[in-house]
Amino acid sequence: MSDTPETRRIVIEPVTRVEGHGKVTILLDDEAKVKQARLHIVEFRGFERFIQGRPFWELPVLVQRLCGICPVSHHLAAAKAVDGIVGVDTLTPTALKMRLLMHHGQFLQSHALHFFHLSSPDLLFGFDADVNERNVIGVAAKYPELAKQGILLRKYGQEIIKATAGKKIHGTGAIPGGVNKNLSLEERDQLLSDIDQIMEWASGAVTLAKDYTLEHLDDLSGFGSFESNHLSIVRSDGAYEIYDGGLRAQDAEGNIIFDHVENEKYDEYLAEEVRSWTYMKFPFIKEIGPEEGWYRVGPLARVNNCDFFDTPEAEKECKEFKGLTDGKPNNITMAYHWARMIELLHSAEKIQELLDDSDLQGEDLVVTGERRDEAVGVIEAPRGTLFHHYRVNEDDQVTMANLIVSTTSNNEPMNRAVQKVAEDYLSGVPEITEGLLNHVEVAIRAYDPCLSCATHAMGQMPLIVELMDRQGRIVDRKIKG
Amino acid sequence: MSKPKIATTSLAGCFGCHMSLLDIDERILELAELVEFHKWPINDRKSFSAQCAVGLIEGGCCNEENVEVLRTFRSSCDVLVSVGDCAIMGGIPAMRNMVPLEECLQEAFVDGPTVHNPTGAIPNDVEIPLLLDKVYPCHEVVKIDYYLPGCPPPADTLWEALVALLTNKPISLPYNLIKYD
């Protein structure tokens, strides 16, 4: 938006300490009141189109290149869909548990990265602390033990991924109908030797996030907050689940909108609105409609949506979390951090449980079935519910791909958080400082957006300018928005 | 004498190379002893305020903003390193070079099975940078001094190369550090 005498434009570019590329624009009127505040994602990839024609078995390794922060999410969502293509509905116990271990390893590393490396500086030093100190190196200087724990928690998650996927980033573990390796006894023992320490640090992380939230509850309750619907998968008995479950949505009061919806029917329940004033799609629940049907995903939605955790420590913490709002959904944006750390603890517990399971040393890795031409894979990624939907032709080529990535579902919530914080903290202020602008980013960071993932479906219709020579041959071509 | 400064950025990449850099784990604190992290996505510095010894570039160029950022890095860093396959040759995002860009946009905003777009209008806004016709590797836009391949390059490869560059020693990468999948 160009400056006019009436309008002042403030831009935060790039949004930092989030994964990927984004910017915020804030428009102020002549009385310095916030007229509009938006989060933009500035890149376009085009995955849905350019993977058409590729062989389907490439999908788990190709599509994970959407995102280097949570590649396991895309790896597994694509693998689940590809299982469907090869006609496999039930994996062998070894294959299923290897994938679960990989997934929990990823939750551990991704949540540790977000909390310690990216967000903790805001919580430890304050939202408007000195910019030179307000980062993970500053945390390491002042709180060396805490920084070390964060680094080593993430490292442990990455080691789990390496042991299950072959590589810490962009691994190859999941293949159509199963996995390509089991867990050797040597790998298991190596990982088991550190698990007690990891459990202790994970418990400490929950305490840190919980105490922070409760101590600052008066300030945080309204910070970038609003009521919303919540979406996630849950297990058939209502338990917290991240790999395989039905879709559950509830409203801000806790009334169930739909429950245990089969993954294949996701497109009967959800749609993504295209709005003229922005280029990021807005997912919504169809029966409610685009105006009111938007929802939150991710740690807050999952902890709100589940009836219980099936591990003792996380369940204890979950009860305390739910107690704060008398069992109704928690709609505090900054409570994402606390919910995220409960999930981190749960993943540590699950890793411990899985490492003790001898099925991981099984030899039966792959099953086959009768080929189908369409499949949907839905999982919970660290940042929320992730949908992969593919169709393939008789030559095994992808003919259609639809991806709803977690961060896209949080588009409306993040924009509302940005708008609210801008109105509450920037409107009518004589001088807008760097520290005040960081408040806007703090609200975005609570959602742990992965703008790398989200770039796959952003963009604008181009104006195409072609430069032709006298014979009408194109010598140069530029595309402008 | 002040510590040399380092800067990093991700252009048309997936942040996987930055994650691999963080996979040096505790050594990140050793690295912080050797260098000052000037501008990188892990702190809140939005622009350069000093000349940097080393700049690491992840990702190729898919829009005008990538080109601007890359040129700023070239002029603000003494040594510029293309890190990972996307910076070096476009990588997976360059798969769109085989397809007209309009078709990619049409698929995302009009034809997708969950798209709700009654008017069929495709959004448009001046805040989005101009998309390039193709995804370009970094060395086609500016001079690049070193290349560290991999998707992503392993953490140990990044560590060895960075420490050598920052201590003015020749880079020596044994076979196991440049061996991939």
Please report, as a whole percent, how much of the solvent-accessible surface of chain A comes from carbon and sulfur atoms (probe radius 1.4 Å). 48
At a 1.4 Å probe, which residues in the stretch B:20-52 are at least 30 Å² less accessible with all protein chains present than in their chain isolated? B:LEU22, B:ASP23, B:ASP25, B:GLU26, B:LEU29, B:PRO41, B:ILE42, B:ASN43, B:ASP44, B:ARG45, B:LYS46
From the phi of every residue in the stretch A:160-174, what ³J(HN,Hα) in whole Hz does the Karplus formula 6.51 cos²θ - 1.76 cosθ + 1.60 yield, where θ is phi - 60° and glycine or proline is x? 4, 5, 4, 5, 9, 10, x, 7, 6, 10, 6, x, 10, x, 8
Quick check: the angle from helix B:155-166's long axis to the longest principal axis of chain B, C-alpha only, nearest 10 degrees? 60
Loss of accessible area when B meets A, both sides summed, Å² nearest 100, probe 1.4 Å: 6400
Here the relative contact order (percent) of chain A, from C-alpha pairs under 8 Å and at least 6 apart, is 25
Rank A:LEU96, A:LEU183, A:LEU436 by accessible area, highest first, at a 1.4 Å probe radius? A:LEU96, A:LEU436, A:LEU183
Set of lysines with alpha-carbon distance to A:LYS286 below 24 Å, sequence-local pairs under 8 removed: A:LYS265, A:LYS328
Can you classify the stretch A:338-404 as rounded, prolate or oblate using the Cα gyration tensor, where a ≥ b ≥ c are the square roots of its eigenvalues, rounded means a/c under 1.5, and otherwise it's prolate if a/b beats b/c and oblate if not? oblate
Over the stretch B:30-136, with every protein chain in place, what whole percent of the accessible area is carbon and sulfur at 1.4 Å, could you tell me? 52
Going by the alpha-carbon gyration tensor, a ≥ b ≥ c the square roots of its eigenvalues, is chain A rounded (a/c under 1.5) or, if a/c is not under 1.5, prolate (a/b greater than b/c) versus oblate? oblate
When the dipole is taken about the Cα centre of the stretch B:40-133, and only Lys, Arg (+1) and Asp, Glu (-1) are charged at their Cβ, what size is it in debye, to the nearest 20? 400
Out of all DSSP beta bridges in the protein assembly as shown, what portion is antiparallel? Express it as a percent rounded to 5. 70
Could you pull out every residue, at least 5 positions away or on a different chain, whose amide H is within less than 5 Å of the one on A:GLU273? Hs are placed 1.01 Å off N in the peptide plane, and Pro or chain starts have none. A:PHE282, A:PHE284, B:HIS116
Please list A:84-92, A:353-361 highest first by mean number of surrounding beta-carbon atoms within 10 Å per residue. A:84-92, A:353-361
So which lysines can B:LYS169 reach, going by Cα to Cα under 21 Å and dropping same-chain residues fewer than 8 places off? B:LYS3, B:LYS5
For A:GLU19, list long-range residues whose amide hydrogen, built 1.01 Å from N in the peptide plane, is under 5 Å from its own amide hydrogen. A:LEU451
From the backbone phi of the stretch A:229-241, what are the Karplus-calculated ³J(HN,Hα) couplings (6.51 cos²θ - 1.76 cosθ + 1.60, θ = phi - 60°) in whole Hz, Gly and Pro given as x? 6, 9, 10, 6, 8, 9, 6, 4, 8, x, 5, 4, 8
To the nearest whole number, what is the average tally of beta carbon atoms from other chains within 10 Å of the beta carbons of peptide A:62-70? 5
How much area per residue is accessible in the stretch A:226-331 when the probe is 1.4 Å and only protein heavy atoms are counted (Å²)? 38
Mind ranking A:MET102, B:MET98 by accessible surface for me, highest first, 1.4 Å probe? B:MET98, A:MET102
Where the centre of each part is set by its Cα atoms, how far does the stretch A:1-66 sit from the stretch B:63-117, in angstrom? 13
Tell me, what ³J(HN,Hα) does each residue in the stretch A:292-305 have, in order and in whole Hz, if you take phi through Karplus 6.51 cos²θ - 1.76 cosθ + 1.60 with θ = phi - 60° and put x for Gly and Pro? 10, x, 5, 8, 8, 10, x, x, 4, 5, 5, 5, 4, 7
Using the crude model of +1 on Lys and Arg Cβ and -1 on Asp and Glu Cβ, and no other charge, please compute the dipole size for chain A relative to its Cα centre, in debye to 20. 1620
Shape call for the stretch A:218-370, from the Cα gyration tensor axes a ≥ b ≥ c (a/c under 1.5 means rounded, otherwise prolate when a/b beats b/c, else oblate), comes out oblate
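The values are calculated or read from the model by the stated rules, or taken from the named source; none is laboratory data. Keep in mind that this is a model prediction, so the values were computed, not measured. Glycine also receives a Cβ, built like all others from the backbone with ideal geometry; neighbour counts cover every protein chain displayed. Accessible surface is based on the protein model in full, side chains and every heavy atom, while ligands, DNA and RNA are left aside. Shrake-Rupley method; radii C 1.70, N 1.55, O 1.52, S 1.80 Å.
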